[in-house]
Amino acid sequence: MAEVSKSQVEKALEAVIYPVSGKSIVALGMVSEIFIADAKAYFSITVPADKAAEMEPLRLAAEQAAKSVEGIVGAVVALTADRKPGQQQPAPARPAAATGRPAQQPGSSKVGVPGVRAIIAVASGKGGVGKSTTAVNLALGLQSLGLKVGMLDADIYGPSLPRLLKISGRPRQQEDRIILPMENYGLKVMSMGFLVDEEAAMIWRGPMVQSALMQMLREVAWGELDVLVLDMPPGTGDAQLTIAQQVPLAGAVIVSTPQDLALIDARKGITMFRKVEVPLLGVIENMSYFIAPDTGARYDIFGHGGAKAEAERIGVPFLGEVPLTISIREMSDAGTPVVAAEPNGPQAAIYRDIAEKVWARIGAGERKAAPKIVFE
């Protein structure tokens, strides 16, 4: 099959006419840069803020036009509100597939996810601190408490969950355009990594990222979940603010390593969540220490206790220390998280202890019994 060009999709979009004007959305300069990956087209349409709620038919028409191009099997089209300075940004218009889902909560712009009791974010101030590995093992630790758990990979630019959970393939879509999540180790999972090639470079601007995040959150058949764990991208950018401001988070978990540079960035994440009034469930010190497998000697490679001291200083709960071990790294690379691969091992016990503390702080209702979980 010949590769589809952006110009082919753009030509198809010339048939989509903006209401009243009589001109196409292409001629009016309303279409963003078009990104094509794995036979899917991704782009946004900029519309007036006060008309955003009425533009769903236009979005659907653009989606159908893009899919009419030979070689294009799917399209992700976002509406971006063009607002004047000082004008309040409206809530993003959601596709018709969301019909029947809960309305906006009174007095709040945050809309929940049907069937999901609690949503928590696992975040870090910077990359390279083991946040995704921590998020996966925390999710499995919560599952070991007898909870139904799902995971959303909110890192559009660098999705990690497909590799960490050894999940490949493409998710299926129901007739109502709701996506069925992928699954492994009993976790329901959604990630941009399932939709585009692993080596594809995502060169999206903020509005496209925000729209994709909301679609992956609210247009996925999560079913009944006690907890949905969001593996957040590192830092405090648009994606993090979008989730914090539009998703009713039960709380956030901050992952940091002990050294001062990591803690400086972790403080930024803590400050962001506090500003948007998201409860802080606690801080995890990852790569806290190293135990030599041959001698049993302990080495504080990155220092030790920095995250705990910082948590105490700013009044945030300290959830625990996770050691730097070869087994955690090897199992993560192999897609067999340590809590699943060695549920009775010392590392799994650490993650389960952290999971218990997180679940206790969520206050999501009466706790369930904690049966012993055996992963095949």
Which one is farthest from L228 (Cα to Cα), of the residues in region 264-301 that are modelled with pLDDT under 80 and buried (at least 24 other Cβ atoms within 10 Å of the Cβ)? A266
Restricting attention to region 302-345, which residues are under 18 Å from S132 (Cα atoms), more than 24 Å from the chain's Cα centre (by Cα) and open to solvent by 60 Å² or more (accessible area, probe 1.4 Å)? I326
If you check every pair at least six apart or on different chains, which have Cβ atoms under 6 Å apart with a residue in region 144-168 that is of a type in the set (V, I, T) first and a residue that is assigned to a loop (DSSP other than H, G, I, E, B) second? I156/M202
Any hit, region 169-177, residues being more than 19 Å from L213 (Cβ to Cβ), open to solvent by less than 10 Å² (accessible area, probe 1.4 Å) and touching a residue at least 60 places away in the same chain (Cβ under 8 Å): no
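For the structure I just gave you, tell me whether S32 is open to solvent by 10 Å² or more (accessible area, probe 1.4 Å) and under 14 Å from S211 (Cβ atoms).
On the way: open to solvent by 10 Å² or more (accessible area, probe 1.4 Å): yes; under 14 Å from S211 (Cβ atoms): yes.
Answer is yes for this residue.
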Pair list, Cβ under 9 Å, 6 or more apart: region 221-250 residue aromatic (F, W, Y), other residue outside any strand (DSSP E or B) and open to solvent by less than 30 Å² (accessible area, probe 1.4 Å): W222/V113; W222/G115; W222/P181
Quick one: would you say A78 is touching a strand residue (DSSP E or B) at 6+ places or on another chain (Cβ under 7 Å), modelled with pLDDT of 80 or more and not in a loop (DSSP other than H, G, I, E, B)? no
For region 186-200, indicate whether the set of residues that are over 21 Å from A135 (Cα atoms) and modelled with pLDDT of 85 or more is non-empty. no
Does G100 qualify as being modelled with pLDDT of 85 or more, of a type in the set (G, A, S), surrounded by fewer than 17 Cβ atoms within 10 Å (Cβ to Cβ) and at positive phi? no
Members of region 318-346 found to be under 27 Å from P279 (Cβ atoms) and touching a residue at least 60 places away in the same chain (Cβ under 8 Å), listed by number: L319, V322, P337, V339
Has region 236-246 got any residue that is modelled with pLDDT of 85 or more and either buried (at least 19 other Cβ atoms within 10 Å of the Cβ) or over 26 Å from K268 (Cβ atoms) (or both)? no
Looking only at region 127-146, count every residue that is in contact with a strand residue (DSSP E or B) (Cβ under 6 Å, 6 or more places away or on another chain) and either open to solvent by 10 Å² or more (accessible area, probe 1.4 Å) or of a type in the set (K, R) (or both) and tell me the total. 3
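Let's see how each residue does on (1) under 24 Å from the mean Cα position of the chain (by Cα); (2) at pLDDT 80 or above; (3) not in a helix (DSSP H, G or I):
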{"residue": "P19", "(1), (2), (3)": "no, yes, yes"}
{"residue": "V26", "(1), (2), (3)": "no, yes, yes"}
{"residue": "A41", "(1), (2), (3)": "yes, yes, yes"}
{"residue": "I45", "(1), (2), (3)": "yes, yes, yes"}
{"residue": "D50", "(1), (2), (3)": "no, no, no"}
{"residue": "P57", "(1), (2), (3)": "no, yes, no"}
{"residue": "L60", "(1), (2), (3)": "no, yes, no"}
{"residue": "Q64", "(1), (2), (3)": "no, yes, no"}
{"residue": "G86", "(1), (2), (3)": "no, no, yes"}
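The values are calculated or read from the model by the stated rules, or taken from the named source; none is laboratory data. Every value quoted in this text rests on a predicted model; they were computed, and no experiment measured them. Glycine gets a Cβ as well: all are built from the backbone with ideal geometry, and neighbour counts include every protein chain shown. Surface accessibility is based on the protein's heavy atoms, side chains included, excluding ligands, DNA and RNA. Shrake-Rupley method; radii C 1.70, N 1.55, O 1.52, S 1.80 Å.
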